[in-house]
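> Sharing a structure below in structure tokens format, with a few things to ask.
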Amino acid sequence: MKHLGYIGMGIMGRPMALNLLKAGYKVTVWNRTKAKADDVLAAGAGWADSPADVAQQCEAVCVNVTDTPDVASIIFGKQGIVEGNPGDTAGMVVIDHSTISPAATRDFAKRLHAYDIDMLDAPVSGGDVGAQAGTLSIMVGGEAETFERCLPIFQAVGKSITHVGPGGAGQACKACNQVLCALNLLGACEAMALAKSQELDLAKMIEVTSAGAGGSWQLANLGPKIAAGDLAPGFMVDLLLKDLEIVRAAGRDGQLAMLGTDTATNLFRAASNAGLGSEGTQALSAIIARLSDTKSGDD
């Protein structure tokens, strides 16, 4: 595959498309707001007028958008990928890097198969830093043969690339990842609040605990931002909140008790309701601080 489409020029999509260009692929992009693709277009990408236009030009189309309905619209909606399929694209692949419902993904794959289009659900982890560096962790669901065909594409944007099972398995694995992200971040926020209350040097606390059993990506990467009061988004509160609702739906399907996930979801919802939805997920620290202030005031 030499000519790829990329739909979705957000925090993750833009650097991933740039890395595909750097790897030597011809890339055609589409986004609802064209201005968000300016740097990718300046780097040599082509522009398409719709997802259908992308599908007519490309051998594989990568999708990286916000939520399940967005993916459904891009694939099956008016001027979507299916509408752009002229009927002679046997072997075309849709690679969905979005984080969406595992159940919906399985349905999308079945529907695409009727059009002779293969689908890989390939959500990513590693944040904007990983997207820029091309070091993302990619968990892929779909047919093994299709995965092998598309492996060079994944290698252009990621470092840890794993085929985890049939269609929908990538999204299921991403749901597990988001549980870990949310609960590790909650732990990091509470640990830093405790360190601050004990008048510890926050940088030294992060250094020491990151090297031990309590270490996590969240603490090492977001801990310094929390200490500095930097809430700039690498991944936004509202996006993680959306992911946690997907997790909870999957948990309900499996009749699971997900007490930690429920607590984290409520706290991220509080952050969103407090106007922090567009801030980075480390804004959870601000909610922990507000709750602490409230409790102190009650004593």
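The values are calculated or read from the model by the stated rules, or taken from the named source; none is laboratory data. Just so you know, these numbers come straight off a predicted model, no measurement behind them. Positions of Cβ are generated from backbone atoms using ideal geometry, with glycine treated the same way; all protein chains shown enter the neighbour counts.
> Pick from Ala55, Ala45, Ala109: which is at pLDDT below 95 and either surrounded by 21 or more Cβ atoms within 10 Å (Cβ to Cβ) or aromatic (Phe, Trp, Tyr) (or both)?
Step by step, each of Ala55, Ala45, Ala109 is checked, and only Ala55 is at pLDDT below 95 and either surrounded by 21 or more Cβ atoms within 10 Å (Cβ to Cβ) or aromatic (Phe, Trp, Tyr) (or both).
> Just give me the residues in the stretch 120-145 being surrounded by fewer than 19 Cβ atoms within 10 Å (Cβ to Cβ) and modelled with pLDDT of 95 or more, in sequence order. Before the answer, list the steps.
Residues of the stretch 120-145 surrounded by fewer than 19 Cβ atoms within 10 Å (Cβ to Cβ): 128-129, 132-133, 135, 137, 143-145.
Matches in the stretch 120-145: Gln132, Ala133, Thr135, Ser137, Glu143, Ala144, Glu145.
> Would you point out which residue out of Ile117, Ile100 is buried (at least 20 other Cβ atoms within 10 Å of the Cβ), at pLDDT 95 or above, β-branched (Val, Ile, Thr) and within 23 Å of Met139 (Cα to Cα)?
Ile100
> Looking for whichever is out of contact with any Leu (no Cβ under 6 Å at 6 or more places or on another chain) and in a helix (DSSP H, G or I) here; the options are Ala257, Ala203. Which one fits?
Ala203
> Okay, moving on. Please verify whether the stretch 24-42 includes one or more residues that are within 23 Å of the chain's Cα centre (by Cα), under 22 Å from Val157 (Cα atoms) and in a loop (DSSP other than H, G, I, E, B).
Yes, the stretch 24-42 contains at least one residue that is within 23 Å of the chain's Cα centre (by Cα), under 22 Å from Val157 (Cα atoms) and in a loop (DSSP other than H, G, I, E, B).
> Of everything in the stretch 221-236 that's touching a residue at least 24 places away in the same chain (Cβ under 8 Å) and in a loop (DSSP other than H, G, I, E, B), which residue is surrounded by the fewest Cβ atoms within 10 Å (Cβ to Cβ)?
Filtering the stretch 221-236 for residues that are touching a residue at least 24 places away in the same chain (Cβ under 8 Å) and in a loop (DSSP other than H, G, I, E, B), the one surrounded by the fewest Cβ atoms within 10 Å (Cβ to Cβ) comes out as Ala232.
> Same structure again: Report yes if Glu148 is free of Cβ contacts under 8 Å to residues at least 12 places away in the same chain, over 29 Å from Thr265 (Cβ atoms) and either surrounded by fewer than 15 Cβ atoms within 10 Å (Cβ to Cβ) or out of contact with any Pro (no Cβ under 7 Å at 6 or more places or on another chain) (or both), otherwise no.
Details: free of Cβ contacts under 8 Å to residues at least 12 places away in the same chain: yes; over 29 Å from Thr265 (Cβ atoms): yes; either surrounded by fewer than 15 Cβ atoms within 10 Å (Cβ to Cβ) or out of contact with any Pro (no Cβ under 7 Å at 6 or more places or on another chain) (or both): yes.
Taking the combined requirement at face value, the residue satisfies it.
> Also, quick follow-up: Ser278 fails exactly one of the following numbered conditions: (1) out of contact with any strand residue (DSSP E or B) (no Cβ under 6 Å at 6 or more places or on another chain); (2) over 20 Å from Cys176 (Cβ atoms). What is the number of that condition?
Checking Ser278 against (1) out of contact with any strand residue (DSSP E or B) (no Cβ under 6 Å at 6 or more places or on another chain); (2) over 20 Å from Cys176 (Cβ atoms), the one that fails is (1).
> Right, here's the next one. Would you call Gly44 without any contact (Cβ under 8 Å) to a residue 40 or more places away in the chain and more than 27 Å from Asp116 (Cβ to Cβ)?
When the stated conditions are applied, Gly44 passes them.
> For Ala37, are the conditions met, namely being in contact with a strand residue (DSSP E or B) (Cβ under 7 Å, 6 or more places away or on another chain), among the small types (Gly, Ala, Ser) and in contact (Cβ under 8 Å) with a residue 60 or more places away in the chain? Step through it out loud before you land on a result.
Working: in contact with a strand residue (DSSP E or B) (Cβ under 7 Å, 6 or more places away or on another chain): yes; among the small types (Gly, Ala, Ser): yes; in contact (Cβ under 8 Å) with a residue 60 or more places away in the chain: no.
Taking the combined requirement at face value, the residue does not satisfy it.
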